[in-house]
Amino acid sequence: MSEELKPMKYDEEEGNQFIEFARFLYEYFEVAEKWKEIQKFAGVHPAISLFLLMTIGMCSVPVIVFTIFVISSVAVSIMTVFLFEGTIIAMATVVLIAVLCFVIVGAFCFSGFLISCYYMIKLMGSFLSGFTQYFTSIPLIGGVFRESPYDKEE
């Protein structure tokens, strides 16, 4: 098979796009012609070209170091924020779950207390109603709970 008929992989297509873009920039800015002019200038004026080369080289070192520092500082600060915020959110989630569990247990306990109070009052009502029916035959005690039929004046 020829090179043109082979199916290209994704990485090869991406690489070819980059190569095509670099080739476009190379032709658009006429890099080859400018490089030849720089070589001619360096041959005619070696002292000036050495001075310019050393100046550019020595000035670019601090600029490159500063740029690396800025990029690494931004990367580290972003990672720190993600880690710190993630830790804070995780701790807040644990605290929230603990508080919600406490509230749920408290709600169950309070509901159980209210339900037991309801049934206790209902039981005591039925007990007292039976108790008063039992003691209605005794006028002294029966009058405390309910009016006795013996106390009625006819």
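The values are calculated or read from the model by the stated rules, or taken from the named source; none is laboratory data. Everything numeric in this text was worked out from a predicted model, so none of it was measured. Because the Cβ atoms are built from the backbone with ideal geometry, glycine has one as well, and the counts that use them run over all protein chains shown.
Structure notes:
- Of the residues screened, Glu33 is one that is at pLDDT 90 or above and either touching a strand residue (DSSP E or B) at 6+ places or on another chain (Cβ under 7 Å) or acidic (Asp, Glu) (or both).
- With respect to (1) modelled with pLDDT of 90 or more; (2) surrounded by fewer than 10 Cβ atoms within 10 Å (Cβ to Cβ), the lone exception for Pro7 is condition (1).
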